[in-house]
């Protein structure tokens, strides 16, 4: 029977942080061709996620760095958004936005893989978690530009989801606007790897065992608010 | 462990997770208001910039001047902007700590040690970015974006992990204690 990992020691946490730093440095090192290779993958995925946003508009994801030397902050990926002239958007019929595949794609992926591989778990579990986590973070990375361009190039702030569910418009419009604004910050790219890492690496029975340890202390101290509902 | 006890533990954890999500959502909703920008961000970022300037002065960089959110000398300067202020990882650490099951007494050491540690790390981050920009300007963007952002988020995670390790070992010791 598999035993859940429940004992966490402070030294393990410290060793984890050191392992994470080493792995992250290794993955983020400027390996020859890595930026170009990941950039090509990134553009393909983003194109896949943006192509069907709206059949009346076209979105083209292109290599904006072609023929120039890439620096650390290079905006190597362009997203061109085109609407048909009859929609009457005037000079906004074509709009361009540039982004860095390294910072909005490679970096969160490297962060996730470093977190997973630095976790003190059996290697088989680490590799499985790395594979699952990689798929999830890649989905996140590819979906974010699609989410961002919904309101950017739409003068009416006409969110696709709200068009599908018009009755939700007043209540959800502000929330979606807020989420779109939030998605333009860099922090989602640093924070998204953490829930994905926890989801991919920690099993349910380990969460439960961890919770039990915390609750046992509460029971012993006679603290009511720590007792789980329905517990004796 | 009995299935009913497991189920109830699961409920407590689910409630904690929901509480964490609610606190994070509240933080981000607040972070988008003008009130936050003009008062919370502005005050924290100004204090961070001033204290980072003091740290650099302590290290012998007497020519560093602080002006609002700008820290620099005649040779190089940095500007603390929203998103680069280190408040979000701090807010997430607090949200995780407050939402996780446990008494305030158990969480007090994390509040008293973890929060100042993260604030201090942020001062070190700002001061080191100034020094990197001053001496290795080509590395500034890489250190700012690739190194410190990830390191600071993981430091907040590490603080929570250390507290969790301490709290669960206290709990285990308490459970094993027959008295």
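Give the angle, between 0 and 90 degrees and rounded to the nearest 10, that separates the Cα long axis of helix B:115-135 from the longest principal axis of the Cα atoms of chain B.
Tilt of helix B:115-135: around 30 degrees.
Return B:85, A:212, A:96 ranked ascending by Cβ neighbour count within 10 Å, so the fewest neighbours appear first.
In order of increasing Cβ crowding within 10 Å: A:96, B:85, A:212.
Fewest to most neighbouring Cβ within 10 Å: what's the order for B:51, B:163, A:123, A:31?
A:123, A:31, B:51, B:163
In nm, give the distance between the simple-model label positions of residue B:98 and residue A:97, each being 7 Å from the Cα along the Cα-to-Cβ direction.
Taking the simple label geometry, residue B:98 and residue A:97 are separated by 3.1 nm.
Taking Cα centroids, how far is region B:72-98 from region B:103-134 in Å?
The two parts, judged by their Cα centres, are 10 Å apart.
Rounded, prolate or oblate: which one fits region B:19-62, using the alpha carbon gyration tensor with axes a ≥ b ≥ c (rounded when a/c is under 1.5, else prolate when a/b beats b/c, else oblate)?
oblate
Averaged over its residues, how many other protein chain Cβ atoms are within 10 Å of peptide A:180-192's Cβ atoms?
Mean partner shielding for this stretch: 4.
Put a dot 7 Å past each Cα toward the Cβ at residue B:15 and residue B:139; how far apart are the dots in nm?
According to this spin-label approximation, the distance is 5.0 nm.
How many Cβ atoms of partner chains, on average, are near each residue of B:106-113 if near means within 10 Å of its Cβ?
Partner-chain Cβ atoms within 10 Å, mean over residues of B:106-113: 1.
Considering every Cα-Cα pair within chain B, what fraction, in whole percent, is farther apart than 22 Å?
For chain B, the fraction of Cα-Cα distances above 22 Å is 55 percent.
Taking Cα pairs under 8 Å and at least six residues apart, what relative contact order does chain B come out at, in percent?
The normalised contact order for chain B reaches 23 percent.
Within a 10 angstrom radius of each residue's Cβ in B:139-147, how many Cβ atoms of other chains show up on average? Whole number is fine.
Going residue by residue through B:139-147 and averaging, the value is 4.
Give me the angle, in degrees from 0 to 90, between the Cα long axis of helix B:149-176 and the longest principal axis of the Cα atoms of chain B, rounded to the nearest 10.
That works out to roughly 30 degrees.
Full-extension gain between residue B:25 and residue B:115, please, as 0.36 nm times their residue separation minus the C-alpha to C-alpha distance.
Gain on stretching residue B:25 to residue B:115: 30.4 nm.
Read-outs: derived from the displayed coordinates by stated rules, not from any lab. What you see is a predicted model; the values in this text were computed from it and never measured. Ideal geometry is used to build each Cβ from the backbone, glycine not excepted, and the neighbour counts take in all protein chains shown.
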